[in-house]
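Enquirer: I'd like to ask you about the structure that follows.
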Amino acid sequence: MKDAKVRLYVEHPLGIGQSVPLEREQAHYLFGVMRLAVGAQVALINGKDGEWRAEVVEAGKRGGRLLCAAQTKPLQMPPDLWLLFAPIKKARTDFIVEKATEMGAARILPVQTAYTNSERIRQDRLQAHAVEAAEQCGGTYVPEVAELQKLDRLLADWPEERKIMFCDEAEVGSAKRLGAAEGEKWAILIGPEGGFSPEERAKLHAHPQAHVVALGPRILRADTAAVAAMTIWQQALGDWQ
Ligand code: SAM
């Protein structure tokens, strides 16, 4: 039996002999765009049950059905890392969500800071980007993209055991590094184009869970900073070790 080339996320339990109905859009993608037919193999993920090889048993324009044959990967959870970032322009925000999923974030939390450019996000659209990224990167887990929330409120209620890698542009060029930091539960915090306000910076520097980090000698754009910070964290404490 050939390996499945197409990977698809479904909101349906996956297991041996499980029948998986397809929605109209999924049927259009598999049978209209990818030109699959009855008998074709598809790799299915649902973010919970690992990856399953499934066979197309019904193929129509408005729907279809797949049958799970065998598990091809177990569920692989990422490390317990949250990415907190202030939304920027649409395409760059999409990029951050896509890269955070590929690089192994467990949760993605858009936060509104004093200088955040946008007051609204389309959470459903960003979640769909995370799904697409998981399909594309071979992952079996899809991080939740939370609704936009105020950074102040999030910090006021911050879980005691979770550390914060606070990427502070004011430290550019300084020697502040993640270093020998320890702990399993972490969050990376990236600010908006305008950076953090003096009040936010003071609050974060005083926060007992915060580790202030400089990302080298140059100021990075927020999307670059998110990727750089995740790389540093994954290399030091995550599943790239
Ligand atoms: N407008 C700000 C300035 O000129 O100082 C720069 C903000 S930067 C475009 C967006 C975010 O990326 C910052 O809030 C910070 O979280 C992160 N960042 C960028 N470069 C950084 C650096 N060298 N060290 C630490 N954080 C950095």
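Enquirer: Picking from Trp233, Trp240, which residue would you name as being more than 10 Å from the ligand (Cβ to nearest atom) and open to solvent by 50 Å² or more (accessible area, probe 1.4 Å)?
Expert: Trp240
Enquirer: State all residues of region 39-68 that are more than 13 Å from His12 (Cβ to Cβ) and of a type in the set (Asp, Glu); if no residue qualifies, say none.
Expert: Listed by number, the residues that qualify are Glu51, Glu55, Glu58.
Enquirer: Next question, about the same structure. Residue under question is Arg218, and the condition is that it be within 11 Å of the ligand (Cβ to nearest atom) and farther than 16 Å from Thr113 by Cα; does it hold?
Expert: When the stated conditions are applied, Arg218 passes them.
Enquirer: Looking at region 208-219 only, could you name the residues that are in contact (Cβ under 8 Å) with a residue 40 or more places away in the chain and either assigned to a strand (DSSP E or B) or open to solvent by 30 Å² or more (accessible area, probe 1.4 Å) (or both)?
Expert: Answer for region 208-219, where residues must be in contact (Cβ under 8 Å) with a residue 40 or more places away in the chain and either assigned to a strand (DSSP E or B) or open to solvent by 30 Å² or more (accessible area, probe 1.4 Å) (or both): Gln209, Ala210, His211, Val212, Val213, Leu215, Pro217, Arg218, Ile219.
Enquirer: Return yes or no: is Arg201 modelled with pLDDT of 95 or more, within 30 Å of Val131 (Cβ to Cβ) and in a helix (DSSP H, G or I)?
Expert: no
Enquirer: Okay, next question. State whether one or more residues within region 63-73 are farther than 19 Å from Arg107 by Cα, in a loop (DSSP other than H, G, I, E, B) and of a type in the set (A, V, I, L, M, F, W, C).
Expert: No, that holds for no residue.
Enquirer: Take Arg107 and tell me if it is under 23 Å from Glu193 (Cα atoms) and surrounded by 16 or more Cβ atoms within 10 Å (Cβ to Cβ).
Expert: Judged against the criteria, Arg107 is a match.
Enquirer: A follow-up question, please. Within region 152-170, which residues are within 12 Å of the ligand (Cβ to nearest atom) and more than 22 Å from Met103 (Cβ to Cβ)?
Expert: Ala170
Enquirer: Within the group Leu189, Leu148, which residue is more than 10 Å from the ligand (Cβ to nearest atom) and either touching a residue at least 24 places away in the same chain (Cβ under 8 Å) or surrounded by fewer than 14 Cβ atoms within 10 Å (Cβ to Cβ) (or both)?
Expert: None of the others qualify; the one that does is Leu148.
Enquirer: Keeping to region 13-25, report how many residues are closer than 11 Å to Leu66 by Cα and surrounded by 11 or more Cβ atoms within 10 Å (Cβ to Cβ). Show your work before the answer.
Expert: Just the residues of region 13-25 that are closer than 11 Å to Leu66 by Cα, to begin with: 14, 17-22.
Among the residues that remain, those that are also surrounded by 11 or more Cβ atoms within 10 Å (Cβ to Cβ) are: 14, 18-22.
So the count comes out to 6.
Enquirer: Does Gly39 satisfy the criteria of being open to solvent by less than 20 Å² (accessible area, probe 1.4 Å) and at positive phi?
Expert: Considered against the rule, which asks whether it is open to solvent by less than 20 Å² (accessible area, probe 1.4 Å) and at positive phi, Gly39 comes out as no.
Enquirer: Which residues, taken from region 151-174, are in a helix (DSSP H, G or I), open to solvent by 30 Å² or more (accessible area, probe 1.4 Å) and of a type outside the set (Asp, Glu)?
Expert: Once the filter is applied, which keeps residues that are in a helix (DSSP H, G or I), open to solvent by 30 Å² or more (accessible area, probe 1.4 Å) and of a type outside the set (Asp, Glu), region 151-174 yields Arg153, Ala156, Ala170.
Enquirer: Any idea how many residues of region 86-117 are modelled with pLDDT under 95 and farther than 14 Å from Thr224 by Cα?
Expert: Within region 86-117, residues that are modelled with pLDDT under 95 and farther than 14 Å from Thr224 by Cα number 3.
Enquirer: Then there's this: Exactly one condition in (1) part of a loop (DSSP other than H, G, I, E, B); (2) within 16 Å of the ligand (Cβ to nearest atom); (3) within 19 Å of the chain's Cα centre (by Cα) is false for Arg177; which is it?
Expert: Every condition holds for Arg177 apart from (3).
Enquirer: For Glu147, which of the numbered conditions (1) closer than 18 Å to Arg107 by Cβ; (2) in a helix (DSSP H, G or I); (3) among the acidic types (Asp, Glu) fails to hold?
Expert: Every listed condition holds for Glu147 apart from (2).
The values are calculated or read from the model by the stated rules, or taken from the named source; none is laboratory data. All values reported here derive from a predicted model rather than from experimental measurement. Backbone-built Cβ (ideal geometry, glycine too); neighbour counts: all protein chains shown. Ligands, DNA and RNA are stripped out before the accessible areas are found, and what is left, the full protein with its side chains, is counted by its heavy atoms. Shrake-Rupley method; radii C 1.70, N 1.55, O 1.52, S 1.80 Å.
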